[in-house]
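The values are calculated or read from the model by the stated rules, or taken from the named source; none is laboratory data. Predicted model only: the values in this text are computed from it and were never measured. For neighbour counting, all protein chains shown are included, and Cβ atoms are generated from backbone atoms with ideal geometry for every residue, glycine included. The protein model used for the area step is the full one, side chains on, heavy atoms only, and it has no ligands, DNA or RNA in it. Shrake-Rupley method; radii C 1.70, N 1.55, O 1.52, S 1.80 Å.
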Amino acid sequence: MESLKVFHEVARALTSNLELDSLLRAIMKQLEEFFGPEHWSLLMLDEETSELYFALSAGLDGPDAAPIRGLRLRPGEGIAGYVAASGNPLVVPDVSADPDWSRYAAKHPELNLKSIACLPIRHGGRTLGVLQLNNSQLDLLPESSIAFLRVLCDYAAIALENARHVKLIQHLSITDDCTGLFNARHLYTLLEQEVADHIRATNSRVVSISEQHFSLLFLDLDHFKTINDVHGHLAGSRLLAEIGNLLKRTLGPDHAAFRYGGDEFVALLRGLDKTAATEVARQVLARITEGRFLAGDRLSLAMTASLGLATFPQDGATLHDMIRVADTMMYAAKAEGRNRLVVADSNAPIMQPIAKTSRHN
């Protein structure tokens, strides 16, 4: 009956929640109550590095806990690495009676190992992680307990695989498939967050024009239609992808780049005031102007772009104001001859018909 109760609780968690952390904690809570380990760890596999990292752990307090949280294990390293590499479970009810693992325990006295239960979490022939229980009273538990532990690992595998699919779907929903940049939908989401964060920080719905929070850079490639007309749409798509990569390299991890539509791009420059954002915008323009594109197609094309920059909250106190102003500056750059940056200046606004200079009325 106790086992059925645990199955019920875990199954209910799996069917009522898609948040990976909550799911795993629900599984581990049931496991901890049933097996009573002195300490346990749930390690997950980093698919990029093939290393294991500690996603969740309990029972290690004090100075021994901090190093484990940042620890990474290579395949074959330690107990969890051995299980991940072999794909086979390791169950040692009494470490002192096992020559190999008693030597391992002697080398790691900080673990105080008395018993080990370490099982791979696998799905579709792939190892997703490892579950390790130290110092459960395995010799006092019935033989069916290990089979029960395997089932819990299967539940954990389902949670991890579901979370992976959810993450993939979320990634696809916010990503432009041509450039790999974020799409326009995600731009609006992030801008809403930026404005909301600023309002919370000022603890008021009145936005002060004396504070800088972020800048928005609009970019449109000059004469892009000619590329499509002369070299074809496939070449045009590859050019957009190269521009996207250039933006990511130039902006770095602190900022975000988006494909807004067609040959238009947007950069969200987090935490940059107008002076700092202008410097970044100039770097973007210089790298486009100095670069050569589609070298892989033996074209080595030179490109230019028209850029418009606006800074929150001086140039716009709302999401739509910011987009409209940055877009207007970009069209002003085109009107002034292209291949340049125009920066919004609230003290000297550019007087042009809004209907012609912006699509964001």
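For Phe182, the residues whose amide H sits under 5 Å from its own are Asp176, Ala257, Arg259, ignoring neighbours fewer than 5 places away on the same chain, with H placed 1.01 Å from N.
Working note: Karplus 6.51/-1.76/1.60 with θ = phi - 60° gives the range 285-301 the couplings 4, 5, 5, 5, 5, 7, x, 10, 10, 6, 5, x, 9, 6, 10, 6, 7 Hz, where Gly and Pro are set to x.
In terms of packing, defined here as the mean over residues of other Cβ atoms within 10 angstrom, the peptides 35-47, 99-111, 334-346 line up highest first as 35-47, 334-346, 99-111. Phi-derived couplings, Karplus 6.51 cos²θ - 1.76 cosθ + 1.60 at θ = phi - 60°, listed residue by residue for the range 185-197: 4, 6, 4, 5, 4, 5, 5, 4, 5, 4, 5, 5, 4 Hz, with x used for Gly and Pro. Legend: residue pairs Lys167/Lys274; Lys167/Lys248; Lys167/Lys225; Lys29/Lys114; Lys114/Lys167, Cα-Cα distance threshold 32 Å; pairs beyond threshold, Lys167/Lys274; Lys167/Lys225; Lys114/Lys167.
For the range 263-310, which whole-number percentage of the solvent-accessible area (1.4 Å probe, protein heavy atoms only) is attributable to carbon and sulfur atoms?
That share works out to 46 percent.
Sparsely packed loop sites in the range 157-207 (the trypsin sites (Lys or Arg not before Pro) outside DSSP H, G, I, E and B with at most 10 other Cβ atoms within 10 Å) comprise Arg205.
Taking amide H as placed 1.01 Å from N in the peptide plane, Asp222 has its amide H under 5 Å from the amide H of Thr304, Ala305, Ser306, each at least 5 places away in sequence or on another chain.
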